[in-house]
Each structure stands twice: as C-alpha cells, then as structure tokens.
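Written below as structure tokens is the structure these notes are about.
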C-alpha cells in the first residue's frame, strides 16, 4: 500500500502528533498505549495496522521576501505534507549574517535546517530565488532531496541582465515611489533594516551575474524529479528560459500557469497546490 507501513501489533505501537506518524518498539507484555507530552497514543491490536507517513515539504521564499508570503500555500498543503516554512538568513526578522548574501549561503542555511530537524528525503518548493536555491541544493546535496518544485525562477543570469534587474532594487526609489511596498518590507524584515536587505540582495544578484552558481552543465547532473513552473505573464522569468532548463534536466516536468504574473500573491494557490500534490 503506497505511503503506508504495516506494523505487527505484538512488537510495535505508534505515536502520532499533528504533523506526522511514527512507530516505536515496545516490549512483549507492555501495557497497551504509551504517554508522551504533546502526543496521543493508540492501543495495540492483534491485527496489523497501517500508518500514513506524510512527506516533508520545505517551502523557500523569493528574494527580499520571507516565509510569510508562502503561508497561504502552506495552508493548502498541510493535510498532504508536513510543511516547513523557512526564512533565509537576514529575512523575516532572522539575524543578518556576517557574510554577504549568496545562493551558497542560503543553500547551506536550508541544509542546516534539514539536518537540525532530521528530515529525510525532503520535497522542496521554491518560489523565484527559492527555486534557484532548491535546484542548487539538488545539485550539491542530492542525498537529502526527493523532489524539487520551482515557480517563477529566473535561470539565465549575465552581468547585463543582473544590472538591469537590480535597477528595481533601489531602496531610495522604493521609499519614494512605492511607500506602501517600503512599509511592507519594513514590517516583513523587522527588526532588520529593509534597506540593508535590498542592498545585499542587489549585491548578490550582481555576483550571480558575474559567476552563475548554476551553470548549463549542472542541470544534466540534477537527477531528482523536478517540476519547473512559470506564469504565462511572468516578465522576470520568461517561459522560454524555464523551458530550456526543463529540457536539460534528466527527470523533469514543465507547467505554465495561466493568467499568472511573477508576484506570488497573484498566483492561484488552489491551482499551485494541486500541481504540487499531483507531482
């Protein structure tokens, strides 16, 4: 039975919390059921029992974003996965690192979280920069990743492209022209300076343009199943770029979301959650 494990009642009991179910060995003759704070237990039965083991799903946000932007998606998937929301260093109020922002830094931080939480073969969904980081992790840490799912990820970076993209990361211009967005950034990253987050992100993108962490020859070596998705109205991550990466990945699927721009908050979360489940 896919997704289930059969347990022999004379030798096992199981413990369950809100997120996942696990089994524990018990001694012969032990009284039925165990008590652990925060958990509930079941009695032992003479017949085998089947336990659903939820997969772990790690959600990675985009540049200058935070885990909060993926809460609506997490809510759609919490019945299907054990969902983990994660803020990259310096984002969402997390302490700013001494080192500059980089894809490598973010990948190592996500890896440390996976190890800390003892997650095995995690599924990673990454939006925009989060998708790029997820594929970087699949290339360099394949043993811990089961699948990668990307949405709105820009894969092609050159110095010229990076200079063009970073024009939108001018903190002074943001504060003057879109003060509501500046207020959102301030709230999102407090107590950190949102201007510092924007500046460091700009520096990171310029560095990516100079030395792309994922090169063309890397994609054929990403062996886990990958679903790469893009909105049909995404002006930052053109469908043609995403299609090129899809063709280079050995085990990949490709999807275009209709009437969908780059901004995650304008994505149909029901459709996105359905695509993630089906993959």
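Restricting the search to region 175-213, which residues are surrounded by 13 or more Cβ atoms within 10 Å (Cβ to Cβ) and not in a helix (DSSP H, G or I)? Of everything in region 175-213, those that are surrounded by 13 or more Cβ atoms within 10 Å (Cβ to Cβ) and not in a helix (DSSP H, G or I) turn out to be 192, 193, 212, 213.
Has region 81-97 got any residue that is part of a helix (DSSP H, G or I), within 28 Å of residue 237 (Cα to Cα) and either under 15 Å from the mean Cα position of the chain (by Cα) or at pLDDT below 95 (or both)?
Restricting attention to region 81-97, the residues satisfying the condition of being part of a helix (DSSP H, G or I) are none.
There is no residue in region 81-97 that is part of a helix (DSSP H, G or I), within 28 Å of residue 237 (Cα to Cα) and either under 15 Å from the mean Cα position of the chain (by Cα) or at pLDDT below 95 (or both).
Quick one: is residue 77 surrounded by fewer than 24 Cβ atoms within 10 Å (Cβ to Cβ) and modelled with pLDDT of 95 or more? Criteria met by residue 77. Does residue 65 satisfy being within 19 Å of residue 137 (Cβ to Cβ) and either modelled with pLDDT under 95 or more than 14 Å from the chain's Cα centre (by Cα) (or both)? So residue 65 fails the test. Among the residues of region 98-112, write down those that are within 15 Å of residue 211 (Cα to Cα) and under 14 Å from the mean Cα position of the chain (by Cα). Of everything in region 98-112, just one residue is within 15 Å of residue 211 (Cα to Cα) and under 14 Å from the mean Cα position of the chain (by Cα), namely 103. Suppose we filter 109, 182 for residues that are assigned by TED's automatic domain parsing to the domain that holds residue 86 and in contact with a strand residue (DSSP E or B) (Cβ under 9 Å, 6 or more places away or on another chain); which single one remains? Going through 109, 182 in turn, the sole match is 109. Looking only at residues of region 164-174 that are outside any helix (DSSP H, G or I) and under 25 Å from the mean Cα position of the chain (by Cα), we find that the one that is surrounded by the fewest Cβ atoms within 10 Å (Cβ to Cβ) is 168.
Looking across region 235-254, just one residue is closer than 18 Å to residue 125 by Cα, in a loop (DSSP other than H, G, I, E, B) and touching a residue at least 40 places away in the same chain (Cβ under 8 Å), and that is 237.
The residues of region 257-272 that are out of contact with any strand residue (DSSP E or B) (no Cβ under 6 Å at 6 or more places or on another chain), surrounded by fewer than 17 Cβ atoms within 10 Å (Cβ to Cβ) and closer than 20 Å to residue 244 by Cα amount to a single one, 258.
Of the residues making up region 219-235, those that are more than 19 Å from residue 276 (Cα to Cα) and either surrounded by fewer than 18 Cβ atoms within 10 Å (Cβ to Cβ) or not assigned by TED's automatic domain parsing to the domain that holds residue 161 (or both) are 220, 221, 233, 235.
Looking at (1) more than 14 Å from the chain's Cα centre (by Cα); (2) surrounded by 15 or more Cβ atoms within 10 Å (Cβ to Cβ); (3) within 14 Å of residue 59 (Cβ to Cβ), which is the one condition that is false for residue 140? Just one mismatch for residue 140, condition (3).
The values are calculated or read from the model by the stated rules, or taken from the named source; none is laboratory data. Keep in mind that this is a model prediction, so the values were computed, not measured. Methodologically, a virtual Cβ is constructed for each residue, glycine included, from the backbone with ideal geometry; neighbour enumeration extends over all protein chains shown.
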